[in-house]
Amino acid sequence: MKTLMLTAALAMLAATPSLAGDAAAGEKLFSKCKACHAITDASGADLVKGGKVGPNLFGVVGRTMGGLEGYAYGESLVAAGAAGNTWTEELIAEYLVDPTAFLKKLLADDAAKAKMAFKLKDGGADIAAYLATFQ
Ligand code: HEC
């Protein structure tokens, strides 16, 4: 009986729109990010042309927070990385909704601040899935 209930619960979980995003939808939404972010591979080829205000997002999923060498991050994101935090698709989706609120919560520090002056209400999971395709 227990197993049956567990199976039913898992089936329900699988049926709800999953947390995993839709990379194709994310590609379209990424136009909002290009003002500040490019996606440039290790050889220096621009896979997606964009601004340089924010860090290169190639390989960001799985990367240490604030961990791209040579980019001048804000203190809080560096602190998040120093504490051992790595970007997952889920965390990127959460970050995009409100970067400063995300860092305040993560660091349990009300004075924490994000240098990224942009908030995305919807579609974070889709963008995160899109970013995960650049590894
Ligand atoms: C107005 C410019 C701007 C826009 C628009 C913007 N960003 Fe950013 N982003 C930044 C800056 C600046 C940082 C560095 C933040 C810090 O140091 O606190 C950053 C950091 C990030 C990081 C953390 C990267 C790392 O190496 O730790 C991710 C992920 C990210 N942005 C994703 C996005 C996505 C996805 C979008 C579009 C939905 C977006 N950003 C839109 C400026 C921007």
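The values are calculated or read from the model by the stated rules, or taken from the named source; none is laboratory data. In this text the structure is predicted, and so the values were computed from the model without any measurement. Note: ideal-geometry Cβ built from the backbone for every residue, glycine included; neighbour counts use all protein chains shown. Only protein heavy atoms, including side chains, enter the accessible area calculation; ligands, DNA and RNA are left aside. Shrake-Rupley method; radii C 1.70, N 1.55, O 1.52, S 1.80 Å.
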Picking from G70, G84, G66, the residue that is part of a loop (DSSP other than H, G, I, E, B) and either within 14 Å of the chain's Cα centre (by Cα) or within 10 Å of the ligand (Cβ to nearest atom) (or both) would be G66
Residues being open to solvent by 30 Å² or more (accessible area, probe 1.4 Å), touching a residue at least 24 places away in the same chain (Cβ under 8 Å) and farther than 22 Å from D41 by Cβ: count how many of those fall in region 117-135.
3
